[in-house]
Amino acid sequence: MLTVEADAARVEERLRSGGLFCPFCADVLTGWGFARPRWLRDVEGRVLVRPRRAVCTGCGRTQVLLPVIGLSRRADVVEVIGASLVAKAAGWGHRQIAVLVGRPASTVRGWLRRFAERAESVRAGFTALAVDVDPGTAAPLAAPTGFADAVAAVLAATVAVLSRWPGLRLMVSPWLLASAVSHGGLLGPPCAAELINTNRLWAGFW
């Protein structure tokens, strides 16, 4: 799975022009139908997405092109999930957060548990990204919990990215960045290697 910008017309243009590349062999991707349409719950309602599928002209592997606003196997946009993670890092309980974001407590609890499981890989990966993008980036101050440390690392990486490329300011938020860098796998199985490939940063923004 690859993350791409939410603009479907732009995705089609990149597929036609050879602007998307296979994460396995770096050869060019071309269009190969569509994945099943899905609804994502946004702050103000629902958003319908129909992810494009692509096939590599080199190795033949196929990819689902997930709009950067979403995460793999999650029904809510990444900004809603990210707001929940920030609240948890600040000490909120899952029931309070559920009221804040307007989602069932069980759903929020599931997000928090999965993020906690991979908090160390997130912290390490996004700290490495921040330093890779801007070697002068100061390490975030130690937080009270590993969960909060991981959230702080995502925020620090965003600051580093926007410091180096201020033109992205209107396009990048911490959680869109997290989705792009992890290719929608922020709440997927723990794997630090999935979070430290700087090349993935650009997949969701151009």
With the checklist (1) touching a residue at least 40 places away in the same chain (Cβ under 8 Å); (2) more than 16 Å from Ala148 (Cα to Cα) in hand, flag the one item Gly110 doesn't pass. (1)
Failed item, numbered, when His94 is tested on (1) over 22 Å from Pro23 (Cα atoms); (2) at pLDDT 95 or above; (3) surrounded by fewer than 17 Cβ atoms within 10 Å (Cβ to Cβ): (3)
Close pairs (8 angstrom Cβ cut-off, 6 or more residues apart or separate chains): farther than 10 Å from Val77 by Cα in region 31-48, acidic (Asp, Glu) and at pLDDT 95 or above anywhere: Gly31/Glu12
Quickly run through region 108-139 and pick out the residues that are surrounded by 20 or more Cβ atoms within 10 Å (Cβ to Cβ) and either among the hydroxyl-bearing types (Ser, Thr, Tyr) or farther than 20 Å from Pro174 by Cα (or both). Thr127
Scan region 128-149 and report the pairs whose first residue is farther than 19 Å from Pro166 by Cβ and whose second residue is at pLDDT below 85 and in a helix (DSSP H, G or I), with Cβ atoms within less than 9 Å and a gap of 6+ or a chain change. Ala128/Ala192; Ala128/Leu195; Ala128/Thr198
From the list Leu112, Leu100, Leu71, Leu65, which residue is of a type in the set (A, V, I, L, M), assigned to a helix (DSSP H, G or I) and out of contact with any His (no Cβ under 8 Å at 6 or more places or on another chain)? Leu100
Looking across region 49-65 at residues that are surrounded by 13 or more Cβ atoms within 10 Å (Cβ to Cβ) and touching a helix residue (DSSP H, G or I) at 6+ places or on another chain (Cβ under 8 Å), the single one that is farthest from Ala75 (Cα to Cα) is Ala54
Residue that is of a type in the set (A, V, I, L, M) and over 13 Å from Leu85 (Cβ atoms), where the choices are Leu155, Leu176: Leu176
May I ask you to list the residues in region 140-164 that are in a loop (DSSP other than H, G, I, E, B) and surrounded by 15 or more Cβ atoms within 10 Å (Cβ to Cβ)? Pro140, Ala143
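The values are calculated or read from the model by the stated rules, or taken from the named source; none is laboratory data. This one's a predicted model, so the numbers in the text were calculated from it and none came from an experiment. Heads up, the Cβs are rebuilt from the backbone with ideal geometry, glycines too, and the neighbour counts pull from every protein chain shown.
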